[in-house]
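Novice: Sharing a structure here in structure tokens format.
The values are calculated or read from the model by the stated rules, or taken from the named source; none is laboratory data. Predicted model, so just to flag it, every value in this text is computed and none were measured. As a convention, Cβ positions derive from the backbone with ideal geometry for all residues, glycine included, and neighbour counts pool all protein chains shown. For accessibility, only protein heavy atoms count, side chains too; no ligands or nucleic acids. Shrake-Rupley method; radii C 1.70, N 1.55, O 1.52, S 1.80 Å.
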Amino acid sequence: MEGASYQRFPKIKIREVKDDYMKFELRETDASMANALRRVMIAEVPTIAIDLVEIECNSTVLNDEFIAHRLGLIPLTSERAMSMRFSRDCDACDGDGQCEYCSVEFYLRVKCITDQTLDVTSKDLLSSDHTVVPVDYSDSSSGFGNSESKGVIIVKLRRGQELRLRAIARKGIGKDHAKWSPAATVTFMYEPDIYINEDMMDTLSLEEKRSIVESSPTKVFDIDPVTQQIVVVDAEAYTYDDEVLKKIASMDKPGLIEIHAKEDSFIFTVESTGAIKASQLVLNAIDILKQKLDAVRLSEDTVEADDQFGELGAHMRGG
């Protein structure tokens, strides 16, 4: 209908938040917006990662390229990544990517002088910026590692072996390389809506009810010890495997239990690599998604202007 509005106002309800983990509900929107948010979190939220390595001395068992690759995959704290410049767009260094506005320098100088194997880890990297350092997984408040963690192992040295290098970390996004992705995993599922027909349930024996409960691979249903009726104990444990529905069909009891996905309600689970907090990852992703939508809106306005003014509009934009 002409003039009808399809504008929606998505809402977020936070369920659980940790430094590296977040679970929340996204409501009053559709799958396209939920998936767009998921993809932005994985591939378009910027972080900082080592992008250039200059090896001065390497007498370890690993070759230069192997070590450079391992360095690139070490997560770095990236709270200031949103305010940094991309090296290709930096006018301070003409795109060279080696200035304070678009890069951070790291140094590593380690030599083994004992007969005991020496572990070279991310904690041995010295940063030129105290706000950009390798992520510390020994923090007991996070779900990573334990309090005795010594960082991510880069290489192991024996007596006389040495490693000296200089590394440049730059801003980037996961779309360019996975080392810049701030997300370990981002998933969402439709919120299930489960209906149980109580009248039909009364016609079943206790053994039949148990067989229905046990047909589910996950603990979605249980039997109430008082009423002896099947009840839903954890709807979100349902994995859309249809095993319960198949069991009911084999019993010739259609409509006993109905399960539908709420098409406008999603449950997100976000796990961060530690480069930025999970909550900040979600906020940054929302900001970036809004910028992308604004760009689409602007391009639509530009097309409308071209339709109205023809070649004059394009010429005024330099097209």
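Novice: Taking region 92-116, which residues are open to solvent by 90 Å² or more (accessible area, probe 1.4 Å) and on the phi > 0 side of the Ramachandran plot?
Specialist: Asp94
Novice: In region 257-302, how many are open to solvent by less than 20 Å² (accessible area, probe 1.4 Å) and more than 28 Å from Glu79 (Cα to Cα)?
Specialist: Of the residues in region 257-302, 2 are open to solvent by less than 20 Å² (accessible area, probe 1.4 Å) and more than 28 Å from Glu79 (Cα to Cα).
Novice: Six or more apart or on different chains, Cβ under 8 Å: which pairs go from a residue in region 46-61 that's under 15 Å from Arg158 (Cβ atoms) to one that's of a type in the set (Ser, Thr, Tyr) and surrounded by fewer than 20 Cβ atoms within 10 Å (Cβ to Cβ)? Could you list them?
Specialist: Pairs that qualify, where the first residue is under 15 Å from Arg158 (Cβ atoms) and the partner is of a type in the set (Ser, Thr, Tyr) and surrounded by fewer than 20 Cβ atoms within 10 Å (Cβ to Cβ): there are none.
Novice: What pairs can you find where one residue is in region 224-237 and closer than 16 Å to Asn197 by Cα and free of Cβ contacts under 8 Å to residues at least 60 places away in the same chain, the other is part of a loop (DSSP other than H, G, I, E, B) and open to solvent by less than 70 Å² (accessible area, probe 1.4 Å), and their Cβ atoms are less than 6 Å apart, with a gap of 6+ or different chains?
Specialist: Qualifying pairs under 6 Å: Val231/Asp224.
Novice: A further question follows. Give the number of residues within region 169-197 that are surrounded by fewer than 19 Cβ atoms within 10 Å (Cβ to Cβ) and among the hydrophobic types (A, V, I, L, M, F, W, C).
Specialist: Here the count works out to 6.
Novice: Restricting attention to region 239-262, and to residues there that are among the hydrophobic types (A, V, I, L, M, F, W, C), under 34 Å from the mean Cα position of the chain (by Cα) and part of a strand (DSSP E or B), which single residue is farthest from Tyr195 (Cα to Cα)?
Specialist: By that ranking, first place goes to Ala261.
Novice: Those residues that are more than 19 Å from Pro182 (Cα to Cα), open to solvent by 60 Å² or more (accessible area, probe 1.4 Å) and of a type outside the set (A, V, I, L, M), I need them from region 31-81; list them, please.
Specialist: Result: Ser32, Glu54, Glu56, Asn63, Asp64, Glu65, Phe66.
Novice: Inspect all residues belonging to region 220-238 and state whether any of them is open to solvent by 80 Å² or more (accessible area, probe 1.4 Å), touching a helix residue (DSSP H, G or I) at 6+ places or on another chain (Cβ under 6 Å) and either closer than 30 Å to Thr29 by Cα or part of a loop (DSSP other than H, G, I, E, B) (or both).
Specialist: No.
Novice: While we're on this one: Against the conditions (1) among the hydroxyl-bearing types (Ser, Thr, Tyr); (2) free of Cβ contacts under 8 Å to residues at least 60 places away in the same chain; (3) open to solvent by 60 Å² or more (accessible area, probe 1.4 Å), where does Thr121 fall short? Just the number, please.
Specialist: Failed condition: (3).
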